[in-house]
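Written out below as structure tokens is the structure these notes cover.
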There are 4 protein chains.
Amino acid sequence: MRMFRNDYSEGAAPEVLAALIATNNEQCVGYTEGDPHCERARRLIREACGRDDVDVEFAIGGTSTNLVCINGMTYEWEGAICTPDAHINAHETGAVAATGRSVLPTRDQDGFLSPDEAERVWRYQTGTGRHMTKPRMIYISNTTELGGVWSLSRFDAICDWAKSHDLKVFVDGARLGSALTSPAADGLTLQHLAARADAFYIGGTKNGLLFGEAVVIADPDLKEAFPYLIKERGGLMAKGRLLGVQFEAAFTPNENGRIPYWEHARNANDCAFRLREELISLGFEAYGDAPSNQQFFVFEPAIAQAFADAAGCEIFGELPGGKLLTRFVCSWATTEKDVDELIAFARTL
Amino acid sequence: MRMFRNDYSEGAAPEVLAALIATNNEQCVGYTEGDPHCERARRLIREACGRDDVDVEFAIGGTSTNLVCINGMTYEWEGAICTPDAHINAHETGAVAATGRSVLPTRDQDGFLSPDEAERVWRYQTGTGRHMTKPRMIYISNTTELGGVWSLSRFDAICDWAKSHDLKVFVDGARLGSALTSPAADGLTLQHLAARADAFYIGGTKNGLLFGEAVVIADPDLKEAFPYLIKERGGLMAKGRLLGVQFEAAFTPNENGRIPYWEHARNANDCAFRLREELISLGFEAYGDAPSNQQFFVFEPAIAQAFADAAGCEIFGELPGGKLLTRFVCSWATTEKDVDELIAFARTL
Amino acid sequence: MRMFRNDYSEGAAPEVLAALIATNNEQCVGYTEGDPHCERARRLIREACGRDDVDVEFAIGGTSTNLVCINGMTYEWEGAICTPDAHINAHETGAVAATGRSVLPTRDQDGFLSPDEAERVWRYQTGTGRHMTKPRMIYISNTTELGGVWSLSRFDAICDWAKSHDLKVFVDGARLGSALTSPAADGLTLQHLAARADAFYIGGTKNGLLFGEAVVIADPDLKEAFPYLIKERGGLMAKGRLLGVQFEAAFTPNENGRIPYWEHARNANDCAFRLREELISLGFEAYGDAPSNQQFFVFEPAIAQAFADAAGCEIFGELPGGKLLTRFVCSWATTEKDVDELIAFARTL
Amino acid sequence: MRMFRNDYSEGAAPEVLAALIATNNEQCVGYTEGDPHCERARRLIREACGRDDVDVEFAIGGTSTNLVCINGMTYEWEGAICTPDAHINAHETGAVAATGRSVLPTRDQDGFLSPDEAERVWRYQTGTGRHMTKPRMIYISNTTELGGVWSLSRFDAICDWAKSHDLKVFVDGARLGSALTSPAADGLTLQHLAARADAFYIGGTKNGLLFGEAVVIADPDLKEAFPYLIKERGGLMAKGRLLGVQFEAAFTPNENGRIPYWEHARNANDCAFRLREELISLGFEAYGDAPSNQQFFVFEPAIAQAFADAAGCEIFGELPGGKLLTRFVCSWATTEKDVDELIAFARTL
């Protein structure tokens, strides 16, 4: 059975792999510095964002992107307000601290940074002047760590709050495809996001690329910083065209006139939604509301283990009462048949 | 009226100032590297600690000490477990992050790091291997941010927990004098602390010195690191003898055979205890239990402001309901008469 | 005409690309943490090195590898002795400084770190104790920046010197294939290098991989540090198997029983040697002795520009007298026919 | 005999010590944040500089000042051009690298940064764009490491060069008193220096204070950064008034209407000049031209050792031929009689 472990288990989506093969023998200038593929990918992404004035840069993964962007948008004595479960706070081995910047977590428990909690942290941190780390930006991720999806109104509310406090907005888009193609986006589009965020990234690694994130930068500080920092932090690829080739493929309309990047995300979402409905209809207990390609369930330990063994789904931790929080992830590679097999297996439990 | 704002408002205690004057014209080697005053201070402190095998180093203030010690006791991908109100987490402008290390706060609300909360953080941080910052040490302060004092049994419990998890123990002793001379120490002595902590510091700045902290180091990593890091981080004084002269004076028995360092701390505590009792007897509301030289009260805003204006006491913030948390601090320089004046003023409110 | 600009102009060598295609649909665990391809690549590399006790880790490029390794082999107050033209000193945008470590260049002008110059720097840096950065390791690269190749005796001499001073040895092997297959290696083998270096890397990016360096680690400090640092510095790939798949392909014997990694390097060298001989025989002036896949020539400006326009070769700078230092690079992808075309063009100048 | 080892061997000059004693019992707000002494010192220094628009901040020593200022004037991927013997390059244990910034030494051998060498480094570093550390500032010290003094014309020349390359100018003034009171200043005044430098510091530690440097800041970036960075790097004193009290004393005219700071420097220079003349007249060999409070001589080893034993002068190293470079330093505390004694001793050798 296909594993539902995560969305970076497979290699590349077909059109991405095909592009890598087709361009393999080309000789290109290195370092994403002007090869035709990077240039075309930049243009396609600018068009998709509806902005000509943004820089589009590339990175090899989320941690590299996050640390370079936060570094480039702040000074050493500043920090980023985020939720406690934010990837930068919880899962990046101190990568932000390693650049000297501080992570300033709120107490938001649902993965969404709220204006109220952000305000509380902001007041606390600015109460004694230079004796405390100064908030300079907010970090949010879409989808959130628990698969949540930012709606237009919720996104506008946190942006309004941030702007009213002169804070920059950064959006971690490791799973941006899944987020923006979810019904829960409720009007939040790539164009709107690009219009309001100071920087964000369009995640490729978890949506059909071998690797790669496209960073969209409106912030003047980060525009200056990114080219240097991505090199200084070791994130600049010699064969930079690999990033261009892949994003070019992902954002070039296919024969049906559709953009593969969004098609892959829709597929991941559709599989995840069906998996959710079916498991619920079988009597299993869903955890929270994750209208995206990650689905969380609460199982008795034996059931959780059975799913983990058969479908590679990850056990996130023990909840009060002893049940286990378990995650299923669908990807561009997941098929209807894969979900059918999982459901058939679930019926046997 | 004397200000009760903090314990670093005045200059030096008499014997410290006298020693600075007496030694002013001596020519000494620099950088705390072997001048007779630093050497004698080291010997006096080792004797007070009851350990010959520790290194005694000097620093100019608490933030410098904390960042050098945490840096020297950990690797970049490691961090220090502490309470959320810990000075390193709240009030040092990202100084630990600026060395690349992470601060890992628990949810302890009373200023004391508890084994339960430390265990929760430890489990969380070590759950996914290298993808999260690895706890390597605990950071506690004595007294705590809110004036709490570690008892022998409480201290042993957190040390036991730390050692059972192979974590180092570091004690921020900015107000160690007040802590160890408090009745609430309940058996916790300097010797015991020195026997169990991997490193700690004896705070001079807040107990009668112009400036200076004496760092007692048992940890082999920090023994190697400190001399280099204190220079690299800009904390090494050219006229290093100033630190030796002051600590020598503070730890040399006076004509009554008493150690000035502890005498000053006892005076600060005694003044603070009397202030507390008197204000309570006048009907004011004490906040928490702070058996040390800091006393916290909860006042109506007008009262808080009156105290702030007259006695320089600091308003820490608004509590739910609108009352203000207000702090009085006594020091080596506070006298019985000063407290009398404050109480007399309080009677007029 | 094929560009002779650099050895990372093309995509992947055939067997590497084939392996990526063949494994594309496999579902693998992420992060190089135990997928079968990384494990097999590790085993193949350990065997090639003749050591079972080394860790083999992966990184995406040279700068990432260098900064993680130097970070993990040293403390903050330490540094790496290297030549002034060393990549870490000249071409990595302060990447080592960004980890807080110091680069300690000698005055060696030929790209080879010499015991005499290393000794001079070591004496200077250790002359005043903690007031200066402490040398902890040497950094050498093979080939050197100017295409030089370390012979067995030269390598042993610098290793002997380093060990006699308790310094670790790190070898930047971005072009290790070219170096070890060069006649100038004169007995220096991968096994010998692995036996003496505390850490080194086998460069894939410049020898037929899309990207990737295999880091061979004997140093216990770096063994502990690497897994954390590669994540903290943003260098850990989600689809880590890509590194395993590529190195597995590069080190698996082909149908002729030959290891593609070394075959590609030999091809690059052979093309470069022929190019050198032919250009010299045409009367052009070679610069220095570069017995590897990079060849340096000194041209009149017009000639240099003609080569740059036609063959993409890079102009490194102006020499005294006004001639231009120009570099030709051959790679796994360069063919005899490509060299023929270049020589034919050269005859026209 | 008085040691001629360095200018930080003694405590404080009389008026500085007197001020510390006189103000000891005052209660002041902490952290240099508005106490009357810091405010008066700031005003006196602004007046001496002839600029109202500069910020005046305080630090405890040269390394702390240098690292905070360079940090605050640059980004991570930038660096400071300086001479190879610059304190930041040679004697601060990697303090600049520890902030992530790079030190970019020229080949100037005489301690003075020359426009030609600075230009060479600038061209080299900016030749390949973001792949190399970007120069953003120059660092010079006055006096230089070898006691050199910047003349007006030399200073203007390097400032002109820097400005023409959009580089900031920072002057390390650890011995600024000696430099500006030297005849070799040849018209370079504090006002002129303040008019052209983006930041510089007036060294107190080596000219009569217990410790302390006054940092004069015109650069807007550093104005914003300094208050945060000095705290984050551990350089902020709790009893900040100590810095204000001392600089206030040093810059308040004495009963003869003279500024003690300059008087002390003149005394140190005068003693040094006499020492130089007398030793030369005795046939000893001066090294270079150091028209300031440091004097360098070249002695046979036995002579050098005799001076070191008797007068504490420091042996800097062995010159080709086996003679030893030896330094004598005079300070505010050196008297005519001290020099007489040294010369009398020299006659016996």
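The values are calculated or read from the model by the stated rules, or taken from the named source; none is laboratory data. Predicted model only: the values in this text are computed from it and were never measured. No Cβ is skipped: glycine too gets one built from the backbone with ideal geometry, and neighbour counts run over all protein chains shown. Areas reflect the complete protein model, heavy atoms only, side chains present, ligands, DNA and RNA absent. Shrake-Rupley method; radii C 1.70, N 1.55, O 1.52, S 1.80 Å.
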Taking first residues from the stretch C:14-42 that are hydrophobic (A, V, I, L, M, F, W, C) and second residues anywhere that are outside any helix (DSSP H, G or I) and open to solvent by less than 50 Å² (accessible area, probe 1.4 Å), the pairs with Cβ under 6 Å that are 6 or more apart or on different chains are C:VAL16/C:GLY208; C:VAL16/C:LEU209; C:LEU17/A:ASN24; C:CYS28/C:ASP35; C:VAL29/C:ASP35; C:CYS38/C:THR32
Reported set for the stretch C:207-245 where residues are in a loop (DSSP other than H, G, I, E, B) and either at pLDDT below 95 or farther than 22 Å from A:TYR8 by Cα (or both) is C:ASN207, C:GLY208, C:ALA218, C:ASP219
Looking across the stretch D:13-44 at residues that are touching a Phe, Trp or Tyr at 6+ places or on another chain (Cβ under 6 Å) and more than 7 Å from chain B (Cβ to nearest Cβ), the single one that is most open to solvent (accessible area, probe 1.4 Å) is D:LEU44
Subset of the stretch C:77-93, residues open to solvent by less than 10 Å² (accessible area, probe 1.4 Å), in a loop (DSSP other than H, G, I, E, B) and of a type outside the set (Val, Ile, Thr), comes to C:TRP77, C:ALA86, C:GLU92
Taking the stretch C:69-126 and keeping only residues that are within 14 Å of chain B (Cβ to nearest Cβ) and more than 27 Å from B:GLY72 (Cα to Cα), one is left with none
Scanning the stretch B:154-180 for residues that are open to solvent by less than 10 Å² (accessible area, probe 1.4 Å) and among the aliphatic types (A, V, I, L, M), the one nearest to B:HIS91 (Cα to Cα) turns out to be B:VAL171
Being charged (D, E, K, R), under 19 Å from the mean Cα position of the chain (by Cα) and within 14 Å of chain B (Cβ to nearest Cβ) narrows D:GLU314, D:GLU232, D:GLU224 down to just D:GLU314
Out of (1) under 19 Å from B:THR334 (Cα atoms); (2) touching a strand residue (DSSP E or B) at 6+ places or on another chain (Cβ under 6 Å), the one B:SER182 does not meet is (2)
Expected single match for closer than 25 Å to B:HIS37 by Cβ, of a type in the set (Asp, Glu) and open to solvent by less than 30 Å² (accessible area, probe 1.4 Å) among B:GLU224, B:GLU213 is B:GLU213
Apart from one, (1) over 19 Å from the mean Cα position of the chain (by Cα); (2) within 13 Å of another protein chain (Cβ to nearest Cβ); (3) not small (Gly, Ala, Ser) all hold for C:THR65; the odd one out is (1)
Determine, yes or no, whether C:GLY187 is at positive phi, more than 14 Å from chain A (Cβ to nearest Cβ) and open to solvent by 10 Å² or more (accessible area, probe 1.4 Å). yes
Of all strands (runs of 3 or more DSSP E) fully inside the stretch D:96-196, the set with 2 or more residues that are touching a residue at least 40 places away in the same chain (Cβ under 8 Å) and touching a His at 6+ places or on another chain (Cβ under 9 Å) is D:134-141
Taking the stretch D:196-221 and the residues there that are in contact with a Phe, Trp or Tyr (Cβ under 7 Å, 6 or more places away or on another chain) and among the β-branched types (Val, Ile, Thr), the one that is nearest to the other protein chains (Cβ to nearest Cβ) would be D:THR205
Determine, yes or no, whether A:ARG5 is at pLDDT 95 or above, buried (at least 19 other Cβ atoms within 10 Å of the Cβ) and among the basic types (Lys, Arg).
-> yes
Sole miss for D:GLU10 among (1) over 23 Å from the mean Cα position of the chain (by Cα); (2) at the interface with chain B (Cβ under 7 Å from one of its Cβ atoms) is condition (1)
The strands (runs of 3 or more DSSP E) lying wholly within the stretch C:246-349 that contain at least 3 residues that are open to solvent by less than 60 Å² (accessible area, probe 1.4 Å) and in contact (Cβ under 8 Å) with a residue 24 or more places away in the chain are C:294-299, C:324-329
Those residues of the stretch D:210-223 which are in contact (Cβ under 8 Å) with a residue 60 or more places away in the chain and farther than 12 Å from D:ALA174 by Cα amount to D:LEU210, D:VAL216, D:ILE217, D:ALA218, D:ASP219, D:ASP221, D:LEU222, D:LYS223
Over the stretch B:127-152, the set of residues in contact with a strand residue (DSSP E or B) (Cβ under 7 Å, 6 or more places away or on another chain), closer than 22 Å to B:ASN71 by Cβ and either within 9 Å of chain A (Cβ to nearest Cβ) or not aliphatic (A, V, I, L, M) (or both) is B:THR133, B:LYS134, B:PRO135, B:ARG136, B:TYR139, B:SER141, B:ASN142
